[in-house]
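Just so it is clear, none of the values below were taken in a lab; they were calculated from the coordinates. What you see is a predicted model, and the numbers here were worked out from it, not measured in a lab. Reconstructed Cβ throughout: ideal geometry from the backbone, glycine too, with neighbour counts over all protein chains shown.
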């Protein structure tokens with residue numbers, strides 16, 4: 001009888017998990033359709049850093065596509081990007097509703113801040129890309145243009161719309177995911193894998209790992225790599241402070 005009850009409870013949990021995943025997927029598809037309807041507006045928003053940099057320099061530039069299907073696929077990518085970005089909090093809510101009934105009250109209080117901090121840090125990473133990193137990177141790359149002179153051919157940027165949008169979307173995801181560092185380190189500290197002393201003693205190794213990760217996640221230019229590494233270093237120091245605060249609170 002106990003075995004049957006456990007089996008039924010396990011099947012019930014799997015059924016609930018499946019229903020929540022299906023619900024999240026349906027919501028993602030719905031947002032994808034809505035995002036595709038407004039894909040032109042989303043495209044203009046993502047292109048605005050490039051447009052601002054070009055207009056600030058009084059340059060006559062454009063974004064091009066070189067294949068018949070390229071623009072269509074680009075709008076699909078933009079729509080999926082927006083849908084995934086917007087639906088992420090909904091997915092976290094569904095995850096929370098699934099695991100919350102099995103947690104004690106103190107465990108719920110301990111886990112809830114992480115669920116709140118995760119989307120906030122992701123959005124913060126996206127904002128840094130959009131308002132700081134991309135303008136700096138665009139101006140950096142435009143600085144390699146060469147004006148036409150007698151006997152010299154002009155070198156001008158003819159950016160492809162697909163490549164530009166892929167770059168900014170990849171950077172937003174890279175920064176958003178990387179900015180989860182305090183959440184990950186705090187969770188590891190809460191379950192006893194690491195502590196503040198461990199983080200302080202191995203700071204130099206983490207610095208190397210952070211710069212290596214920044215080099216892998218960003219294009220091969222110093223602007224985006226340093227732009228990702230420096231905030232991560234600050235977040236690492238914030239993580240040490242957070243873990244130390246948790247330890248004092250537990251020992252009090």
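A quick yes/no check of all residues on (1) within 22 Å of residue 111 (Cβ to Cβ); (2) part of a helix (DSSP H, G or I):
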position	(1), (2)
193	yes, no
200	no, yes
204	no, yes
215	no, yes
219	no, no
241	yes, yes
244	yes, yes
248	yes, yes
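Output the residues belonging to region 44-69 that are in a loop (DSSP other than H, G, I, E, B) and closer than 14 Å to residue 141 by Cα.
Step one: filter region 44-69 for residues in a loop (DSSP other than H, G, I, E, B), giving 57-62, 65-69.
Matches in region 44-69: 57, 59, 61.
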ask   = Is it the case that region 154-172 has a residue that's within 19 Å of the chain's Cα centre (by Cα), over 21 Å from residue 84 (Cβ atoms) and in a helix (DSSP H, G or I)?
value = no
note = When region 221-239 is checked residue by residue, the ones that are out of contact with any helix residue (DSSP H, G or I) (no Cβ under 6 Å at 6 or more places or on another chain), more than 20 Å from residue 199 (Cβ to Cβ) and assigned to a helix (DSSP H, G or I) are 222, 226
query = What number of residues in region 39-55 are touching a residue at least 24 places away in the same chain (Cβ under 8 Å), over 14 Å from residue 77 (Cβ atoms) and surrounded by fewer than 17 Cβ atoms within 10 Å (Cβ to Cβ)?
reply = 1
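Yes or no, residue by residue, for (1) touching a helix residue (DSSP H, G or I) at 6+ places or on another chain (Cβ under 9 Å); (2) surrounded by 13 or more Cβ atoms within 10 Å (Cβ to Cβ); (3) under 26 Å from residue 221 (Cβ atoms):
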{"site": "63", "(1), (2), (3)": "yes, yes, yes"}
{"site": "81", "(1), (2), (3)": "yes, yes, yes"}
{"site": "101", "(1), (2), (3)": "no, no, no"}
{"site": "117", "(1), (2), (3)": "yes, yes, no"}
{"site": "128", "(1), (2), (3)": "yes, yes, yes"}
{"site": "160", "(1), (2), (3)": "yes, yes, yes"}
